[in-house]
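Some notes on the structure that comes next.
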Amino acid sequence: MAEDAILGYLEKNDHISDSGEFAAERRIDHNEIVNVIKSLHGFKYVDAQDIKREMWVLTDEGNAYTATGSPEVQLFLAIPPEGIPKEELQKKLDPSVFKIGCAQAAKNKWVEMGKQLVTRKIQHVDDKVKDLLLRIQEGQAINQDDIKALKARKLIVPQTWKGYSVKKGPNYAPKRKKVATDLTRENLQRGDWKEIEFKEYNFTAKGLPTEGGHLHPLLKVRQQLKDIFRQMGFEEMPTNNYVESSFWNFDVLFQPQQHPARDSHDTFFLQAPSTTKELPEDYVQRVKQIHESGGYQSRGYGYDWKREEADKNLLRTHTTAVSSRMLYLLAQKPFAPKKYYSIDRVFRNEAVDRTHLAEFHQIEGLVCDRGLTLGDLLGVLHEFFARLGKTLAGIATDLVLVL
C-alpha cells in the first residue's frame, strides 16, 4: 500500500516534499512510509534526502495530565466552596498529585493554605497546562515561555523527527520490477533465465558474523599476569593439587598448631581421605624441632607438636603451600638462584555473600638467591606493577622474597 502510494504519486508529480505530511494525508503509518522509501532508494527507484525537525513530545506524566488534568486543577476542583481540612483533601488525591498541586496552586494564588482549612481564593480556573499539552500532542506550536515552563516540570522532552523528501530516481518505474536473487534449476530447464532480471550482486556486503567463544575476563587477567611473570624470568610452579596436608599448608610455614586459622571455622578439612600418607620424615622431624624448641636463632613455640595435626588433609588456604614444597625440592639439589610464580585457586571457610566466595585466586611469587635485600623486593614489585600499568601505592601483594 505504501509503495503503491509513493510510486503512484511520483508518476503524476515531481516530488514528495515531506514524507510526514504525505503519510498523514493518506493515513499511513510514517514508519511504514520511511521503510518503503529506504527500500526504493536502495534500488534507485527514488532519490531521497533527509529531513530533520526538532519537536517536543509529552512524557508519561504529561500524557497522564492530558486525560486527568494538571495536578493544580485537580486539587482546586477537590476543594469545596466552604473549604476543606488539609488531611481530608490529602485523602482525596494521589500523593504525588497533592504534593505538586499544592505547590503549583499556591504559586498561582488559587488557594489559601490555612492552618485549619484549605480554601479557594478564586471561584474558577482554566487548565492552561492541559491545554498546552494537548496542543503539543496535536503538533501545534506554542511560545517559548510555555515550553520552558513545561520542560522545567518534566512534562515534555525534545525529540528529533526524521523524514525524507523524495523524487524520481534513475530506475524509476510506476511498479517495482520483481528481480530474481538466485538462478534456479527450473530457470535453466525452462530457458527463461535469458529474460529474467537478476538482482545486482553486492561484493562489498559483509557475511553473517561468525559465532565464536570468548575468554572469561578472569582468564584474560590471569594470562596477562602470567606473561608478565615470564617476561621477568619467573617459572610457573605446579599448582594442580587443591588438596594439601596441614604439614605443607601450615607447619612448614611455622604456623603453630593452635593458631585460629587452623580451626574448622576458617579451613575446609577433608573427611575422606582425612590424612596424608606421605611426608618426608627427616624434614618432618626438623620442622617439629623448630616448633617445639626452636633453632636458627628462634626460640620456637614451646609446645608439644602433634603429628596427627600435621597429617590432616584440607583444601589449601593459600598457594604458599606450593612454595613450601618448591623450597624443599630446591634444597635437595646444589643451590641455584630461582624465580617462581603461581596463580591458582585457594579456599577459605568464609560466609558466602554477593562480594565473597569460599574460593578465590592468589598470585604468588618466590625469589631465591644469595645477598638479596629489601631493595630487590621493591625493585621486583615496582617492575611487576609497572608492566601492569599500575603503581605500588595502595596495592597489596603476597609476593614472597626468600633471603
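The values are calculated or read from the model by the stated rules, or taken from the named source; none is laboratory data. Predicted model, so just to flag it, every value in this text is computed and none were measured. Note that we place each Cβ from the backbone using ideal geometry, even for glycine, and neighbour counts take in every protein chain shown. Ligands, DNA and RNA are excluded from the accessible area calculation, which covers all protein heavy atoms including side chains. Shrake-Rupley method; radii C 1.70, N 1.55, O 1.52, S 1.80 Å.
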Mind checking the angle between helix 2-12 and the chain's longest principal axis? C-alpha axes, 0 to 90 degrees, to the nearest 10.
50 degrees
Given the Cα-Cα distance of L327 and M232 and 0.36 nm per residue of separation, how much length would full extension add, in nm?
32.2 nm
Starting with the highest mean, order 253-260, 148-155, 16-23, 362-369 by the number of other Cβ atoms within 10 Å, averaged over the residues of each peptide.
362-369, 16-23, 148-155, 253-260
Tell me the label only: which of (i) 20.5, 66; (ii) 22.1, 79; (iii) 40.4, 109 is Rg and Dmax of the Cα atoms in Å as calculated from this structure?
(iii)
Could you tell me the calculated FRET efficiency between S264 and E61, based on Cβ-Cβ distance and R0 = 51 angstrom, to the nearest 0.05?
0.30
By how many degrees, between 0 and 90 and to the nearest 10, does the Cα long axis of helix 217-231 differ from the longest principal axis of the chain?
50 degrees
Taking the chain as a Gaussian network, where each spring joins two C-alpha atoms under 10 Å apart, which residue of Y242, Y340, Y296 fluctuates the most?
Y296
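Packing-wise, with mean Cβ within 10 Å as the measure, how do 211-224, 313-326 rank, highest first?
Ranking, from highest mean packing down: 313-326, 211-224.
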7 Å from Cα along Cα→Cβ at both K175 and D50: what's the point-to-point distance in nm?
3.6 nm
Give me the dipole magnitude in Debye, nearest 20, for the chain about the Cα centre, with unit charges on the beta carbon: positive for Lys and Arg, negative for Asp and Glu.
700 debye
Subtracting the Cα-Cα distance from 0.36 nm times the residue separation, let me have the gained length for N349 to E195 in nm, one decimal.
47.6 nm
Any idea of the accessible area per residue across the chain, 1.4 Å probe, to the nearest Å²?
66 Å²
Just name one of V157, I142, G169: the one whose Cα is farthest towards the positive end of the charge dipole of the stretch 61-216 (beta-carbon charges, Lys/Arg +1, Asp/Glu -1).
G169
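At a 1.4 Å probe radius, carbon and sulfur cover how many percent of the accessible area of the stretch 155-275?
54 percent
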Expressed as a percent, the accessible surface of the stretch 299-342 that is carbon or sulfur, using a 1.4 Å probe and the full set of protein chains, is 53 percent
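For W193, W110, W248, give me the order by solvent-accessible area with a 1.4 Å probe, most accessible first, ignoring ligands, DNA and RNA. Walk me through the numbers on the way to the answer.
On the way: W193 110, W110 35, W248 10 Å².
Reading off the accessible areas and sorting them downward yields W193, W110, W248.
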Please compute the modelled spin-label separation between K121 and F360, points set 7 Å along Cα→Cβ, answer in nm with one decimal.
6.2 nm
For the stretch 293-402, what is the charge dipole size about the Cα centre, in debye to the nearest 20, if Lys and Arg each add +1 at the Cβ and Asp and Glu each add -1 at the Cβ?
260 debye
What is the percent carbon and sulfur in the accessible area of the stretch 1-70, measuring with a 1.4 Å probe over the protein chains and ignoring ligands?
45 percent
Taking the 0 to 90 degree range and rounding to the nearest ten, how far is the long axis of helix 95-107 tilted relative to the main principal axis of the chain, both from C-alpha atoms?
60 degrees
Could you compute the FRET efficiency for N202 and N13, with r as their C-beta to C-beta distance and R0 at 35 Å, rounded to 0.05?
0.65
